[in-house]
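A quick write-up on the structure given underneath.
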Amino acid sequence: MENYNLSVGFTERMNKYINLINSELDKHKAFSVNCISGQKTVSDAIFYSLSAGGKRVRSIFVLEFCRVCGGNVEKALSSACALEMIHTFSLIHDDLPCMDDDDYRRGRLSCHKVYGEAVALLAGDELENMAYTVILKDDKITSDIKVRILSILSDAIGINGMIGGQAIDIEAEGKQLSQDILLKMYGMKTGALIKAACEIGCLIAGADISYTNAALAYAENLGLAFQIIDDILDINGTQETLGKPAASDSKSGKSTYALTNGVSKSIEYAEALTKKALEALEVFKDNDFLVELTNFLLNRNR
Ligand code: GRG
C-alpha cells in the first residue's frame, strides 16, 4: 500500500456526496416528531446509528455509477439512502451479543449498548423497512425501476447475500474455513451490498448492459478487497482510528483472510483485486472519481 494523497476534485465531490446523503437521511427524522414513547425510542436508536458518520461508500457508489452512466443523480438519492439504511441495519444487528457482540461502532457505543437489545433489534428491522419505503415513495422513479431496485436489494440481503454470508461466518467461529468458502462468504457478507449499490446506480441511469456488467465486475473485485482490508485493519488498526475495538476477529475465533494468510500476503491480494476492479472501470469515460475512490479504499485506515 502506498501513501495516498487525495486530489482537491476528489475531496470536493466526496464531501458533496456525503452532505447530500446526510441531508437526505435527515429528512426521514421528521416521521418521528409526533410519535409515542417507545416509537420515539426506536426512532432515536435509528438516528443514533445512522448519523454516527460512516464512510457512506455504498450510497456514494449508487450516485457515482448513476452519474458516470449519464443518469440524473437526483433520481438515485432515494436508493443511496436505502443502501445506507440497509448497511446501518446490518451493522446494528452484527454488533448484537448474539452475533459479533461488539460494544463500539463508528466511534461510539454500539446501538444495543445505549438502547438495549430489544430496541436495537427493532431499530435494525425498521431500517430495512425504511429502505424499501423510501424507494416505494419516490415519485422521481417509475414503478418498473422501483420493482427492479427492490429485487436487487432483496437478493443482496437474502440467503445468497448478506444473511447467508453472516450465517456462514457465525457458524465458522472457532473453525478454519477453506480459502474458497472464505472468499465466497466475503462475496456474500460484504460484496453483495456493494454490488447491489453499483448495479442500482447503473439501472437508474438506464445504462447499457455492457456498462452494468463492467460495474458488477468492478464491485465483485472491490467487495473482496474491501473485506480483506477490513481484516487487515482489524490486525493493524487501533480503536481510535477504527472507532471500534481492534483485534476483535482473533478474539472471537474468526477465520479471516488476513489471519490465515498474514498481513503482507493479504495486502498483495487486496492490491491484485483492486487492479482488476480498476481495469473494469476502464469502459467508463469519466471515471477519475471512481478510480481515486478505489485507491482511497485500498489505502484507508478505517
Ligand atoms: C440482512 C442487512 C442484513 C443483515 C443481517 C448482521 C448481518 C446479517 C450481516 C452482517 C454483514 C456485515 C456487518 C458485514 C461486514 C461488512 C463491513 C466490512 C462493514 C464495514 O463497512 P464500512 O467500513 O463501515 O463501510 P462504515 O462505518 O464506514 O459505514
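The values are calculated or read from the model by the stated rules, or taken from the named source; none is laboratory data. Quick caveat: nothing in here was measured; it's all calculated off a predicted structure. In this analysis, Cβ positions are derived from the backbone assuming ideal geometry, glycine residues included, and neighbour counts consider all displayed protein chains. The protein model used for the area step is the full one, side chains on, heavy atoms only, and it has no ligands, DNA or RNA in it. Shrake-Rupley method; radii C 1.70, N 1.55, O 1.52, S 1.80 Å.
Based on what the data block shows, is SER51 among the polar types (S, T, N, Q), open to solvent by less than 10 Å² (accessible area, probe 1.4 Å) and within 16 Å of the ligand (Cβ to nearest atom)? No: the conditions fail for SER51.
Of all residues in segment 132-150, which are in a helix (DSSP H, G or I), open to solvent by less than 70 Å² (accessible area, probe 1.4 Å) and either within 19 Å of GLU220 (Cβ to Cβ) or of a type in the set (A, V, I, L, M, F, W, C) (or both)?
Filtering segment 132-150 down to residues in a helix (DSSP H, G or I) leaves 132-136, 143-150.
Then keep just the ones that are open to solvent by less than 70 Å² (accessible area, probe 1.4 Å); that gives 132-135, 145-146, 149-150.
Correct list: VAL134, ILE135, ILE145, ILE149, LEU150.
Considering only residues in segment 61-99 that are among the aliphatic types (A, V, I, L, M) and within 10 Å of the ligand (Cβ to nearest atom), the one that is farthest from GLU12 (Cα to Cα) turns out to be MET99.
Put simply, of ALA277, ALA215 the only residue that is buried (at least 18 other Cβ atoms within 10 Å of the Cβ), aliphatic (A, V, I, L, M) and away from the ligand (no atom under 16 Å from the Cβ) is ALA215.
Among the numbered conditions (1) assigned to a helix (DSSP H, G or I); (2) over 19 Å from LYS27 (Cα atoms); (3) hydrophobic (A, V, I, L, M, F, W, C), the only one that ALA123 does not meet is (2).
Among the residues of segment 62-78, are any over 22 Å from ALA280 (Cβ atoms), open to solvent by 20 Å² or more (accessible area, probe 1.4 Å) and of a type in the set (A, V, I, L, M, F, W, C)?
No, segment 62-78 contains no residue that is over 22 Å from ALA280 (Cβ atoms), open to solvent by 20 Å² or more (accessible area, probe 1.4 Å) and of a type in the set (A, V, I, L, M, F, W, C).
Within 16 Å of the ligand (Cβ to nearest atom), in a helix (DSSP H, G or I) and open to solvent by less than 20 Å² (accessible area, probe 1.4 Å): is that true of CYS198 in this structure? Yes: the conditions hold for CYS198.
Anything in segment 100-113 that is near the ligand (Cβ under 10 Å from one of its atoms) and at positive phi? List them, or say none. Selection gives ARG106, GLY107.
Taking ALA123, is it buried (at least 24 other Cβ atoms within 10 Å of the Cβ), over 30 Å from ARG13 (Cα atoms), within 18 Å of the chain's Cα centre (by Cα) and more than 12 Å from the ligand (Cβ to nearest atom)?
Working: buried (at least 24 other Cβ atoms within 10 Å of the Cβ): yes; over 30 Å from ARG13 (Cα atoms): yes; within 18 Å of the chain's Cα centre (by Cα): yes; more than 12 Å from the ligand (Cβ to nearest atom): yes.
For ALA123, the condition - buried (at least 24 other Cβ atoms within 10 Å of the Cβ), over 30 Å from ARG13 (Cα atoms), within 18 Å of the chain's Cα centre (by Cα) and more than 12 Å from the ligand (Cβ to nearest atom) - is met.
Return only the number of the condition from (1) within 15 Å of the ligand (Cβ to nearest atom); (2) open to solvent by 20 Å² or more (accessible area, probe 1.4 Å) that GLY116 does not satisfy. Single failed check for GLY116: (1).
Screening ALA215 on (1) more than 16 Å from GLY262 (Cα to Cα); (2) out of contact with any Cys (no Cβ under 7 Å at 6 or more places or on another chain) shows it passes everything except condition (2).
Within segment 102-120, can you find the residues that are closer than 18 Å to LYS40 by Cβ and touching a residue at least 24 places away in the same chain (Cβ under 8 Å)? If the condition is that a residue be closer than 18 Å to LYS40 by Cβ and touching a residue at least 24 places away in the same chain (Cβ under 8 Å), then CYS111, VAL114, TYR115, VAL119, ALA120 are the ones that fit. Give the residue that is modelled with the lowest pLDDT, with candidates limited to residues of segment 1-21 that are more than 30 Å from GLU268 (Cβ to Cβ) and out of contact with any Asp or Glu (no Cβ under 9 Å at 6 or more places or on another chain). It comes out as VAL8. Just so you know, in segment 225-240 the residues that are open to solvent by less than 40 Å² (accessible area, probe 1.4 Å) and among the β-branched types (Val, Ile, Thr) include one that is farthest from the ligand (Cβ to nearest atom), and it is ILE232.
If you scan segment 153-168, which residues turn out to be assigned to a helix (DSSP H, G or I) and either away from the ligand (no atom under 14 Å from the Cβ) or without any contact (Cβ under 8 Å) to a residue 24 or more places away in the chain (or both)? First the steps, then the outcome.
Quick first cut of segment 153-168, residues assigned to a helix (DSSP H, G or I) only: 153-157, 162-168.
Result: SER154, ILE163, ALA167, ILE168.
Of all the numbered requirements in (1) within 12 Å of the ligand (Cβ to nearest atom); (2) closer than 23 Å to ILE168 by Cβ; (3) open to solvent by less than 20 Å² (accessible area, probe 1.4 Å); (4) of a type outside the set (Phe, Trp, Tyr), GLY243 misses one, and that requirement is (2).
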